[in-house]
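Working notes, structure below.
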Amino acid sequence: MWFPFENIRNFILSVRIGKTGRDIIRTMITLHDLFIGNFPVSQNFGENYETYKWIKDYLGNPILGHNGVDFGYNGQSPILLNPFPKTSEVVCSFTGWDKDGYGWWLRLWDKTQSCVILYAHAQEINIKAGETIRFQQQVAIGDSTGWSTGPHLHCGFYIVDAQGNKLNRDNGYDGYLNVMNKKNVTWNLLNPTKPSDATPIVDCDPQWRIDRDKNWDLYLAEKEKVTLLQASEAKLSSALEQERASVALAKQECQTLKQRVLDFANNL
Ligand SMILES: [Zn+2]
């Protein structure tokens, strides 16, 4: 007899969602392009429970699956954009580095629509926390940093209150919502291009990750050195500036003294 283990698990999970949370939000959010180009979804929201069950929600319960939507870059490194509408007031609420998770990642907070978009696994971030972000402004360049098996954008999405606190935290995904759910989001794409028909890269040689991480460590160490050097260079140049000023002052005093000696000699 066929025994539906998978169905039983889904049933239990759905009861949990039904009891404690909701995935459909009251307000409809409008979003524009996330990136320049057109990249296919390589992992849907809610997939792969086994892979993500180690991630816990605020109550300590394992999340019910992938808590974002992944778009596979097919080997490219696209420019990532602010996707919120022209009418929205948008600020960058976080940027950071997380070697074993999101890699280089950032959060954009749309204060007008009361929601947040999270981009992960970037190569570089072009904005700073606290900065106001323009419509469709470039915010980062995509890559495969952090816990990632290939170049892709992990896009997280959630609704917030007026202070920016995440809502719906009991929905089984700690508040994260499916950005591809048409009941939550209206997509208004500005640069619709032909969808890429290449298969997204979702897995790769594990050695590649190890090599990449090594290089990232080296890169970060070098970056740290450069920052320190720049700081000491700045200190040195300000010290040099001070020395120059005191030399100029001494020269002037010397000049004054010389003049006084000359005046004295003339009056003899
Ligand atoms: Zn993801």
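The table below gives the values:
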| quantity | calculated |
| --- | --- |
| Within the range 56-88, tally of residues that are surrounded by 19 or more Cβ atoms within 10 Å (Cβ to Cβ), away from the ligand (no atom under 15 Å from the Cβ) and within 26 Å of GLN137 (Cα to Cα) | 7 |
| Failed condition for THR27, given (1) away from the ligand (no atom under 16 Å from the Cβ); (2) under 22 Å from ALA122 (Cβ atoms) | (2) |
| Restricting the range 30-55 to residues that are in a strand (DSSP E or B) and surrounded by fewer than 21 Cβ atoms within 10 Å (Cβ to Cβ), the residue that is farthest from the ligand (Cβ to nearest atom) | THR30 |
| Matching residues in the range 82-102 - criterion: being within 20 Å of TRP187 (Cβ to Cβ) and among the polar types (S, T, N, Q) | ASN82, THR87, SER88 |
| Residue in the range 124-147 that is modelled with pLDDT of 95 or more, in contact with a Gly (Cβ under 7 Å, 6 or more places away or on another chain), buried (at least 19 other Cβ atoms within 10 Å of the Cβ) and not aliphatic (A, V, I, L, M) present | no |
| Some residue of the range 147-161 being farther than 22 Å from THR27 by Cβ, among the hydroxyl-bearing types (Ser, Thr, Tyr) and within 14 Å of the ligand (Cβ to nearest atom) | yes |
| Per-region count, the range 155-187, residues assigned to a loop (DSSP other than H, G, I, E, B) and modelled with pLDDT of 85 or more | 21 |
| Options TRP147, TRP105; residue that is part of a strand (DSSP E or B) and at negative phi | TRP105 |
| Residue within the range 103-121 that is over 10 Å from the mean Cα position of the chain (by Cα), over 22 Å from ASN191 (Cβ atoms) and either within 14 Å of the ligand (Cβ to nearest atom) or among the hydroxyl-bearing types (Ser, Thr, Tyr) (or both) present | yes |
| Unmet requirement for TYR119, which otherwise passes all of (1) modelled with pLDDT under 95; (2) among the aromatic types (Phe, Trp, Tyr); (3) under 20 Å from PHE39 (Cα atoms) | (1) |
| Residue within the range 122-130 that is part of a strand (DSSP E or B), in the same structural domain as PHE71 (by TED's automatic domain parsing) and charged (D, E, K, R) present | yes |
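The values are calculated or read from the model by the stated rules, or taken from the named source; none is laboratory data. The structure displayed is predicted, hence computed values, not measured ones. When we count neighbours, we look across all protein chains shown, and the Cβ atoms used for this are built from the backbone with ideal geometry, even at glycine.
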